[in-house]
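A short write-up of the structure that comes next.
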Amino acid sequence: MTKQRWYIRGAATMAAALLLAGCGGGDGDSGGGAKALGKAEVSSVLPDAKAVPGWRSVMTPAAQEPNPEFPPSVCLSVNKKKRATACDHVTYWGASAYARKPDGTSLNFWTLAYKDEKSADAAYDALAEYYGGDRVGVGAVPVDIGEPGAEHVANRAEMGTMGGPATIAQIRVGTTVLGISTGTQGKKAVSDQEVTAFAAMFAERAQQAQDGEKPSSALPGR
């Protein structure tokens, strides 16, 4: 995979890019295998403030159906063909965002939902080429985040656009592709242990939704 230099956006920029138009809606249909999620279910997968104690909400969980002329802002790929693979088959998508004082550390979650596992798997591969490697920042290194989901990748760089350490992780759980990004204006990174905990919790929420349960996985309170 060819690596390219890229930096994550700051919390305010990312939140602005991820602004969504409302949530609600019905359930998705199960077409065999993992369940396809509806709009409300995608919103429920996104971690809320109770799931990430100690973080201040910047953008509450929300989901929407994508506009064909404007693919989800987090659906990015290395070329037009792979972007089509990743973005044209998104059924619903959503995001939530958080911040932590005193250095403005950011924490962002996003979910891309697809009609079946085959579409999600192909999208994951295309998106992993974009978000993998040093997209998170120059000199990125892989991060071990355990074994969340069916597929996963994570990288950390010592400098992102916020000026400090940054991470990006991507996970596929059944019919969904999940993303997590962190960044800071300070020098203290969101630790690999924290990113691992975020990934496990987020993946569990996606699995709960696909099992027909209300997502309840959360990090321990402080």
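The values are calculated or read from the model by the stated rules, or taken from the named source; none is laboratory data. What you see is a predicted model, and the numbers here were worked out from it, not measured in a lab. With ideal geometry, Cβ positions are generated from the backbone for all residues, glycine too; neighbour counts draw on all protein chains shown. Ligands, DNA and RNA are stripped out before the accessible areas are found, and what is left, the full protein with its side chains, is counted by its heavy atoms. Shrake-Rupley method; radii C 1.70, N 1.55, O 1.52, S 1.80 Å.
The residues on offer are Gly160, Gly212, and the sole one that is under 13 Å from Thr105 (Cα atoms) and in a loop (DSSP other than H, G, I, E, B) is Gly160. Here Ser181 meets each of (1) assigned to a loop (DSSP other than H, G, I, E, B); (2) within 16 Å of Leu107 (Cβ to Cβ) with one exception, condition (1). Is there a residue being on the phi > 0 side of the Ramachandran plot and either open to solvent by 30 Å² or more (accessible area, probe 1.4 Å) or at pLDDT below 95 (or both) anywhere in region 33-46? Yes, because at least one residue in region 33-46 is on the phi > 0 side of the Ramachandran plot and either open to solvent by 30 Å² or more (accessible area, probe 1.4 Å) or at pLDDT below 95 (or both). Checked against the criterion of being under 13 Å from the mean Cα position of the chain (by Cα) and open to solvent by 30 Å² or more (accessible area, probe 1.4 Å), the candidates Ser73, Ser96 yield just one match: Ser73.
Pick from Thr105, Thr91, Thr111, Thr85: which is polar (S, T, N, Q), over 20 Å from Glu204 (Cα atoms), open to solvent by less than 10 Å² (accessible area, probe 1.4 Å) and in contact (Cβ under 8 Å) with a residue 40 or more places away in the chain?
On the way: Thr91 fails: open to solvent by less than 10 Å² (accessible area, probe 1.4 Å); Thr111 fails: over 20 Å from Glu204 (Cα atoms); Thr85 fails: open to solvent by less than 10 Å² (accessible area, probe 1.4 Å).
Testing whether each residue is polar (S, T, N, Q), over 20 Å from Glu204 (Cα atoms), open to solvent by less than 10 Å² (accessible area, probe 1.4 Å) and in contact (Cβ under 8 Å) with a residue 40 or more places away in the chain leaves just Thr105.
Please name all residue pairs, on different chains or six or more residues apart, with Cβ atoms under 6 Å, provided the first residue is in region 58-73 and is among the polar types (S, T, N, Q) and the second residue is assigned to a loop (DSSP other than H, G, I, E, B) and open to solvent by 50 Å² or more (accessible area, probe 1.4 Å). That search, which allows pairs on different chains as well, returns Gln64/Ala21.
Checking each residue of region 162-179 against the condition of being surrounded by fewer than 18 Cβ atoms within 10 Å (Cβ to Cβ) and either over 12 Å from the mean Cα position of the chain (by Cα) or of a type in the set (A, V, I, L, M, F, W, C) (or both) gives at least one match. If the condition is being open to solvent by 60 Å² or more (accessible area, probe 1.4 Å) and charged (D, E, K, R), then region 194-222 contributes Glu204, Asp211, Glu213, Lys214, Arg222. Count of region 126-156 residues, restricted to those that are free of Cβ contacts under 8 Å to residues at least 40 places away in the same chain and not in a loop (DSSP other than H, G, I, E, B), is 6.
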